[in-house]
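S.K.: For reference, the structure I am asking about is given below.
The values are calculated or read from the model by the stated rules, or taken from the named source; none is laboratory data. In this text, all values refer to a predicted model and were calculated from it rather than measured experimentally. Here the Cβ positions follow ideal geometry from the backbone for every residue, glycine too, while neighbour counts run over all protein chains shown.
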2 protein chains.
Amino acid sequence: MRNIKLTIEYDGTDYCGWQTQNATRTKSIQQVIEEALSKVFQKKIALIGSGRTDSGVHACNQTANFKTDSRLSQDRIRSALNSYLPKDIVIKRVREVDGDFHARFRVKSKIYRYSILNAPAPSPFNRRYSLFIPYPLDLEKMKKAATYLKGRHNFKSFHRAMGKQKNFVRTIKKLEIIQRDEVIFFEIEAEGFLYHMVRIIVGTLLEVGRGRFRPGYVKEILKQKNRNLAGPTLPGRGLCLMEVKY
Amino acid sequence: MRNIKLTIEYDGTDYCGWQTQNATRTKSIQQVIEEALSKVFQKKIALIGSGRTDSGVHACNQTANFKTDSRLSQDRIRSALNSYLPKDIVIKRVREVDGDFHARFRVKSKIYRYSILNAPAPSPFNRRYSLFIPYPLDLEKMKKAATYLKGRHNFKSFHRAMGKQKNFVRTIKKLEIIQRDEVIFFEIEAEGFLYHMVRIIVGTLLEVGRGRFRPGYVKEILKQKNRNLAGPTLPGRGLCLMEVKY
C-alpha cells in the first residue's frame, strides 16, 4: 500500500471544523475530503488529519495522510481531488511518504496564527479571517506579557475543560507578536496545544493590550490554574493553522 | 446644506456593481448605501459616487458624496451608517467638505489594482479577490510590454464598446507590476478609464507573460485600434479600486 501525505489549505468559515464531533448542520472538512477521495479512488478511504481545527478556524497548511494501492501519480491525485472539492478547500501538495508516516502521531510541533484587524473601521476583506478590534492596543505591553507564557508551563488557566484531562503542561516554543500595517498577528508554536489554548492566550494578551491586565498579571493567571482569571476565548475566524512540523 | 464625503470599502462579490444598470437579482452597492442613508436621516438621499465599478469588482477606497441639513457629527454618521450596512460594505471615513465638492466631476485620477495568484494551486483565501493563474509568467516581459502602454494613447483596442463613444484617448500615469510572494499586482493610475480597460490591459499583459504575445506586439495592438487583437477581459473579482484622487 502507498502512504500519501496531503497538505491542505481551507477557509473554515462554512464548516463545523476539521472533524465532525456532534450532529451539525454543516459538514466537516475531513468529511468533504473523504467524499472526494472516495470519488477519485472508487472506494471508501479513511483520512488521518494532524489534529482537529475548530468550527470556523482556517488552515494554510493542514496535513493528513491515507493509504491506497492505486497507481495514480501524485499530480493526478492532486488535480482529481481538487476537481471534486469546493473552492474553499484546496489540496496544495500530494507526496508519497514512508509507510510508517502518521499525520497525527508523528507531529513534532504546530504553528498557529491569530489575526487581529486593529483599525478604526472593520474591513470587508478581512472579516472572515480576522477579529476586528477598534480600540488601541499597547504592543509593547502585550510582548512583555507574552514572554511569561513562553516555555514549559501548566496552562490549565488557558484551556477549555473537555472530558477528564489531567495533564495541562505544554511547551510554547515561539510566541511572536507582529504588526503589519493595521493587522496584528500572534504566532504561536508548540508541540501540542490544549483545547482553545491559542484563542484564550490571545484573548488574554488583548486584555493586557487594552490596559485591563498588567503584563505581569499573566504570571499570576498561570500560577492560579483557574480558567476564570484569563481573558475571553476569541472567535475561531481569526485563527489559522499555519504549519505542521514533522 | 452640509456636503458629506464618504470613503467606502467593499467586497463586491455579491453585488451587481456600484450602480444598478439593468434589472438584476442582486442589489448595487450604491443602492444599499442609499438605503442605509435613508434610515439614518429619515429621508431619501441621493448618493453621488466617483464612478461605477462593475459586478464583482471591489473597492478599498471608493468615494461618494451627499448633501444633508442634519447636524449629526461625522463620527455619528459613520457609526450609524455602518450599523445598517451589511458586513461586506464599510464606511471608512466621513468628512464634511466644501459645498462645491462633487465625487465624480472633481476626480483628478484613480488607481486600480488587479491581483493575480500565480501559484501551483488556487487559494481558498484569495479566491474572491484574485484571478488564479497556474502557469509561469515572465515578469520582465510583462514589465517591458507595460512601458508601451504608459502615457497618452488611443486605447480603442482596450475597451468594450458601449453606446456611441468617440473619444478613446486616455493617459496612463502609472502602470506598475509588483510581485509579492505568489501574488502579482498590476497597479494602474489614470485620469479616466474606458469600459473594461484595466481588465483588458491586464488580460493582454498576461498573454505577454505566458509567451503568446511578444512585448512589442502591444504597440501594434494600440495602433490597430481593434479590440479583437488584445487579450481577454479578465473577471471582475481580481479588480479593486484602490484610490480616488481629487
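S.K.: Output the residue which, of all residues in segment A:106-120 that are closer than 24 Å to A:TYR15 by Cβ and either in a loop (DSSP other than H, G, I, E, B) or in contact with a helix residue (DSSP H, G or I) (Cβ under 6 Å, 6 or more places away or on another chain) (or both), is farthest from the other protein chains (Cβ to nearest Cβ).
M.R.: Initially, segment A:106-120 is screened for residues closer than 24 Å to A:TYR15 by Cβ, giving A:107, A:110-117.
From the residues that got through so far, the ones that are either in a loop (DSSP other than H, G, I, E, B) or in contact with a helix residue (DSSP H, G or I) (Cβ under 6 Å, 6 or more places away or on another chain) (or both) too are A:107, A:112, A:114-115.
Details: A:VAL107: 22, A:TYR112: 16, A:TYR114: 15, A:SER115: 11 Å.
The qualifying residue farthest from the other protein chains (Cβ to nearest Cβ) is A:VAL107.
S.K.: Still on this structure: Which residue is nearest to the other protein chains (Cβ to nearest Cβ), if the candidates are limited to segment A:87-101 and must be surrounded by fewer than 17 Cβ atoms within 10 Å (Cβ to Cβ) and assigned to a strand (DSSP E or B)?
M.R.: So the first thing to find is which residues in segment A:87-101 are surrounded by fewer than 17 Cβ atoms within 10 Å (Cβ to Cβ), and the list is A:87, A:93, A:95-100.
Checking which are assigned to a strand (DSSP E or B) leaves us with A:93, A:95-97.
Working: A:ARG93: 8, A:ARG95: 13, A:GLU96: 17, A:VAL97: 19 Å.
Out of the qualifying residues, it is A:ARG93.
S.K.: Conditions: (1) out of contact with any Ser or Thr (no Cβ under 7 Å at 6 or more places or on another chain); (2) within 24 Å of B:LYS245 (Cβ to Cβ); (3) not small (Gly, Ala, Ser). B:GLN179 meets all but one. Number of the miss?
M.R.: Only one criterion is unmet by B:GLN179, namely (2).
S.K.: Pairs under 9 Å by beta carbon, first residue closer than 18 Å to A:PHE41 by Cα and at pLDDT below 95 in segment A:1-20, partner assigned to a strand (DSSP E or B) and β-branched (Val, Ile, Thr), six or more apart or different chains?
M.R.: Sorted first by the residue in segment A:1-20, then by its partner, the pairs are A:MET1/A:THR68.
S.K.: Just to be sure I understand the filter: pairs with C-beta atoms under 6 Å, separated by 6 or more residues or on different chains, first member in segment B:206-218 and charged (D, E, K, R), second member in a loop (DSSP other than H, G, I, E, B). Which pairs pass?
M.R.: B:GLU207/B:PHE213; B:GLU207/B:GLY231; B:ARG210/B:TYR135
S.K.: Out of B:VAL57, B:VAL40, I need the residue that is closer than 24 Å to B:HIS159 by Cα and among the β-branched types (Val, Ile, Thr). Which one?
M.R.: Every option except B:VAL57 fails the conditions.
S.K.: Is it true that some residue in segment A:129-147 is touching a His at 6+ places or on another chain (Cβ under 8 Å) and not aliphatic (A, V, I, L, M)?
M.R.: yes
S.K.: Could you tell me which of the residues B:SER73, B:SER79, B:SER83 is within 11 Å of chain A (Cβ to nearest Cβ), free of Cβ contacts under 8 Å to residues at least 24 places away in the same chain, surrounded by fewer than 17 Cβ atoms within 10 Å (Cβ to Cβ) and not charged (D, E, K, R)?
M.R.: Sole residue among the options that is within 11 Å of chain A (Cβ to nearest Cβ), free of Cβ contacts under 8 Å to residues at least 24 places away in the same chain, surrounded by fewer than 17 Cβ atoms within 10 Å (Cβ to Cβ) and not charged (D, E, K, R): B:SER79.
S.K.: Now a separate question. In segment B:103-133, how many residues are out of contact with any Phe, Trp or Tyr (no Cβ under 6 Å at 6 or more places or on another chain) and surrounded by 14 or more Cβ atoms within 10 Å (Cβ to Cβ)?
M.R.: The number of residues fulfilling the criteria is 21.
S.K.: So in segment A:130-167, with the set limited to residues that are farther than 21 Å from A:PHE193 by Cα and not hydrophobic (A, V, I, L, M, F, W, C), which one is nearest to the other protein chains (Cβ to nearest Cβ)?
M.R.: Filtering segment A:130-167 for residues that are farther than 21 Å from A:PHE193 by Cα and not hydrophobic (A, V, I, L, M, F, W, C), the one nearest to the other protein chains (Cβ to nearest Cβ) comes out as A:PRO134.
S.K.: Does segment A:3-17 include one or more residues that are over 19 Å from A:PRO86 (Cβ atoms), surrounded by fewer than 18 Cβ atoms within 10 Å (Cβ to Cβ) and of a type in the set (A, V, I, L, M, F, W, C)?
M.R.: Scanning segment A:3-17, I find no residue that is over 19 Å from A:PRO86 (Cβ atoms), surrounded by fewer than 18 Cβ atoms within 10 Å (Cβ to Cβ) and of a type in the set (A, V, I, L, M, F, W, C), so the answer is no.
S.K.: Going by the structure shown, is B:LEU81 farther than 25 Å from A:GLU182 by Cβ, modelled with pLDDT of 95 or more and assigned to a helix (DSSP H, G or I)?
M.R.: When the stated conditions are applied, B:LEU81 does not pass them.
S.K.: Also, quick follow-up: Out of all the residues in segment B:134-178, which are without any contact (Cβ under 8 Å) to a residue 40 or more places away in the chain, loosely packed, with under 14 Cβ neighbours inside 10 Å and farther than 14 Å from B:LEU205 by Cβ?
M.R.: Selection gives B:PRO134, B:GLY151, B:ARG152, B:MET162, B:GLY163, B:LYS164, B:GLN165, B:LYS166, B:ASN167, B:VAL169.
S.K.: If you take the residues in segment A:37-70 that are over 17 Å from the mean Cα position of the chain (by Cα) and part of a strand (DSSP E or B), which one is farthest from the other protein chains (Cβ to nearest Cβ)? Quick ask: steps written out before the conclusion?
M.R.: Of the residues in segment A:37-70, the ones over 17 Å from the mean Cα position of the chain (by Cα) are A:37-47, A:65-70.
If we keep only those that are part of a strand (DSSP E or B) too, we end up with A:65-68.
Working: A:ASN65: 18, A:PHE66: 18, A:LYS67: 23, A:THR68: 20 Å.
Restricting to residues being over 17 Å from the mean Cα position of the chain (by Cα) and part of a strand (DSSP E or B), the top hit is A:LYS67.
S.K.: Something else about it: Just checking, how many residues over segment B:1-36 are part of a loop (DSSP other than H, G, I, E, B) and either among the hydrophobic types (A, V, I, L, M, F, W, C) or away from every other protein chain (no Cβ under 14 Å) (or both)? Quick ask: steps written out before the conclusion?
M.R.: Residues of segment B:1-36 part of a loop (DSSP other than H, G, I, E, B): B:1, B:11, B:15-28.
This time we only want the ones that are either among the hydrophobic types (A, V, I, L, M, F, W, C) or away from every other protein chain (no Cβ under 14 Å) (or both), so: B:1, B:16-28.
Number satisfying all stated conditions: 14.
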